[in-house]
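*Asks:* Here's a structure for you.
The values are calculated or read from the model by the stated rules, or taken from the named source; none is laboratory data. Quantities reported herein were computed from a predicted structural model and do not represent experimental measurements. Please note: Cβ atoms are built from the backbone with ideal geometry, for glycine as well, and neighbour counts cover all protein chains shown.
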């Protein structure tokens, strides 16, 4: 039991030495939100980065990222890693899985030069308990702001390092004093939770989680409220077609057929009308039943056809003209 206590005490002393830098090793902390690019400085670098080696360690073990200034391609995230001109390690589009403990060391002829440089990368990540389709006015939503860290506990970060996770609105006003929001903090996992009921005016509104160390802003992660756009269903208009029986009118072209039937009735005075002959009336009815006895009927049929070329106002030899033919019959 005593040996275990001594081991724990030794580990705590080493950890405190790393945190304070009293062991001679340089220790820095880098705060970054997920999706951003991070730059980890190697302050002990020599003029030639071919002597630089970057390693990454977490509770799962230690992985060599860059050796002799050359990036290791077999690692999973090698495409997001690069070595800067000052031998710094650049991490593109940081994820919450990138948090951990990084060390930079210099080797010349397989001999270490100078002291190690240690960099703690802390990643701030904001997530929602609701899916995007569930976020709408009137619904309750809970946002979680978590700081991913390693080697130390959240209690140490809060107590010794002065870590704070603060929710603010777009104007930077602390939401802790707004009764509309319920904010809680868990030191076990370094999570600050914000719960609220969404309003209509919250659409496209931003809420920001800030990570501060000793009241100095280190990084922030933003959550933007987006309501789902309702699907617009359009009822197709019925397609109707109309067919005109009228011939189209075009300039310079005209065709017409005129059929005219004129019927005139003449009333004659009884003093001038001769007596009707029954024999003649019967013969006339036998010839044409549609002709009345006392009517003078004239049938006229006029047919015309005119074809004129477009954009011509004069008649030439090639124009075709059909004149009318008139036939008439007079009864009586």
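*Asks:* So in region 197-231, with the set limited to residues that are touching a helix residue (DSSP H, G or I) at 6+ places or on another chain (Cβ under 9 Å) and not in a loop (DSSP other than H, G, I, E, B), which one is farthest from residue 127 (Cα to Cα)?
*Replies:* Kept after step one, since they are touching a helix residue (DSSP H, G or I) at 6+ places or on another chain (Cβ under 9 Å), are these residues of region 197-231: 207, 213, 225-228.
Filter again for not in a loop (DSSP other than H, G, I, E, B), leaving 207, 213.
Working: 207: 12, 213: 22 Å.
Of everything passing the filter in region 197-231, 213 is farthest from residue 127 (Cα to Cα).
*Asks:* Follow-up. Is it true that residue 192 is in contact with a strand residue (DSSP E or B) (Cβ under 9 Å, 6 or more places away or on another chain), touching a residue at least 12 places away in the same chain (Cβ under 8 Å) and over 25 Å from residue 27 (Cα atoms)? Quick ask: steps written out before the conclusion?
*Replies:* Working: in contact with a strand residue (DSSP E or B) (Cβ under 9 Å, 6 or more places away or on another chain): yes; touching a residue at least 12 places away in the same chain (Cβ under 8 Å): yes; over 25 Å from residue 27 (Cα atoms): yes.
So residue 192 passes the test.
*Asks:* In the set 63, 94, 123, 117, which member is in contact with a helix residue (DSSP H, G or I) (Cβ under 6 Å, 6 or more places away or on another chain), closer than 30 Å to residue 145 by Cα and modelled with pLDDT of 90 or more?
*Replies:* On the way: 63 fails: in contact with a helix residue (DSSP H, G or I) (Cβ under 6 Å, 6 or more places away or on another chain); 94 fails: in contact with a helix residue (DSSP H, G or I) (Cβ under 6 Å, 6 or more places away or on another chain); 117 fails: in contact with a helix residue (DSSP H, G or I) (Cβ under 6 Å, 6 or more places away or on another chain).
Checking each option against the conditions leaves just 123.
*Asks:* May I pose another question? Mind listing whichever residues of region 34-63 are without any contact (Cβ under 8 Å) to a residue 12 or more places away in the chain and either surrounded by 15 or more Cβ atoms within 10 Å (Cβ to Cβ) or under 40 Å from the mean Cα position of the chain (by Cα) (or both)? Spell out the reasoning first.
*Replies:* Here is the first cut: in region 34-63, the ones without any contact (Cβ under 8 Å) to a residue 12 or more places away in the chain are 47, 60-62.
If the condition is that a residue be without any contact (Cβ under 8 Å) to a residue 12 or more places away in the chain and either surrounded by 15 or more Cβ atoms within 10 Å (Cβ to Cβ) or under 40 Å from the mean Cα position of the chain (by Cα) (or both), then 60 is the only one that fits.
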